[in-house]
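Each reported figure results from applying straightforward, stated rules to the coordinates on display, with no laboratory input. Predicted model, so just to flag it, every value in this text is computed and none were measured. As a convention, Cβ positions derive from the backbone with ideal geometry for all residues, glycine included, and neighbour counts pool all protein chains shown.
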Amino acid sequence: MAQRLALSDGAHKKTASVRVAVRLRPYMGTQDEKDEGPCVKGLDSLHLEIINWRNATETVKYHCDVFHGEQTTQQEVFLSSVKPILSHILNGQNSSVFAYGPTGAGKTHTMMGTSDQPGVIPRAVREVFKLVKAKDNNEGWDYNISMSYLEIYNEKVLDLLSPSSQDLPIRENKDKNILIPGLTHTTISCFSDFDKQFAPASLNRTTASTKLNQRSSRSHAILLIKVVRTQRALPHRQQTGKLYLIDLAGSEDNRRTGNQGIRLKESGAINLSLFTLNKVVDALNSGTAARVPYRDSKLTRLLQDSLGGSAHSVMITNIAPEYKFYFDTFGALNFASKSKLIVNKPFTCETVAVPVLPMKRAREDHEAGGSGTE
Ligand code: ADP
Ligand code: MG
């Protein structure tokens, strides 16, 4: 079978503007009525493969910046994909971390986690406090940390810390910084300050979502941690660094019906912000686009100063191994990966029991006096 490279990552482009990690969650029998076993699996720390639906004797092998297999812990994801970009926000630079992928693939687990297995958000917030505390007082800067928490739903910007507020505007100041006038900013001085605001707001969002027709899978939840540092001596220079931690809307194609295959018609995009984010990341990572279409959606407009350019961005693409996610996994991987390769090799599902057919045949062979092997 011919080898195909989807996107060239040639020598001219050493670092992508947006680092892309893929995280595969563990196989869950409860998510798989037919108990068919996984259809995707990791190969090493950079590669994974998925069975090729067009030809089951082939797999499609993907290459990403980092692959986190199903055994990867929350701590490992944080250390390798998130921690390295955090120090920049103390120096007036911006960073963003996204969880991308279909509903059910582990975005919220990755970002929020549970009390036993806290995710990227609590770990990152703790780390920011730790970094500020470790700053040498003699350097002469005072630090202020604040948080905002918002949601983009149906292209409306809603303040999750002030739930009665209406759609907020997004503005740009003369220094090209993006601002949301009217958005709640709360100063936080320790992790529990943060948690007191964040936990109930997150809970509100989840409870509302069950009533409002899967709203949480269609909206982007955006936590902003802002670090402002001010020089004590004249001229009191001030620097602002922003960290966006984002649980994106589900990337599943809501227009897919039955088994008619994936339809990626641009005009029909249900979630304009997610669709535009794909275009922006593609434009940034291919380095070829003359214009990065930030202004085409609320999410990308909001992130204009924190995604690409001099910002430090990481996208964690969450995928699920069950067959029912197959086309959404394919879609997410085609977006996330640097290259793909069709490999002429049968897919082996290592975690499933021996299929019924060969065992039955072996028994029949045995009963017929055969060797029982093929
Ligand atoms: P999403 O936010 O993408 O819709 P969730 O984070 O809600 O997905 O994950 C779906 C289910 O899978 C949840 O029950 C979650 O606890 C579980 N899950 C996701 N990722 C993992 C993981 N890495 N390890 C264990 N369980 C996971
Ligand atoms: Mg979720």
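Tabulated results
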read-out	value
Note, ³J(HN,Hα) from phi for segment 271-278, Karplus 6.51, -1.76, 1.60, rounded to Hz, x at Gly and Pro	10, 4, 5, 5, 4, 5, 4, 4
Note, ³J(HN,Hα) from phi for segment 224-238, Karplus 6.51, -1.76, 1.60, rounded to Hz, x at Gly and Pro	10, 10, 10, 10, 10, 10, 10, 6, 5, 7, 4, x, 6, 4, 10
Extension gain from residue 135 to residue 232, taking 0.36 nm per residue of separation minus the Cα-Cα distance	33.5 nm
Calculated from backbone phi, Karplus (6.51, -1.76, 1.60) coupling profile of segment 178-192 in Hz, x at Gly/Pro	8, 10, 10, x, x, 6, 5, 10, 10, 5, 10, 10, 7, 4, 5
FRET efficiency for residue 165 and residue 296, using Cβ-Cβ distance with R0 set to 22 Å, rounded to 0.05	0.35
Neighbourhood charge, 10 Å Cβ-Cβ cut-off, centred on residue 34 and excluding it, Lys, Arg +1 and Asp, Glu -1	-4
Global geometry of segment 92-168, whether rounded, prolate or oblate, following the gyration tensor of its Cα atoms and the 1.5 cut on a/c	oblate
Shape call, segment 124-205: gyration tensor on alpha carbons, a/c limit 1.5	oblate
Amide H contacts of residue 251 (H built 1.01 Å from N, under 5 Å, at least 5 apart or other chain)	101, 103
Gain upon complete extension [residue 80, residue 204; 0.36 nm per residue less C-alpha separation]	41.6 nm
Sparsely packed GluC sites (Glu not before Pro) within segment 92-172, loop by DSSP, other Cβ within 10 Å at most 13	155
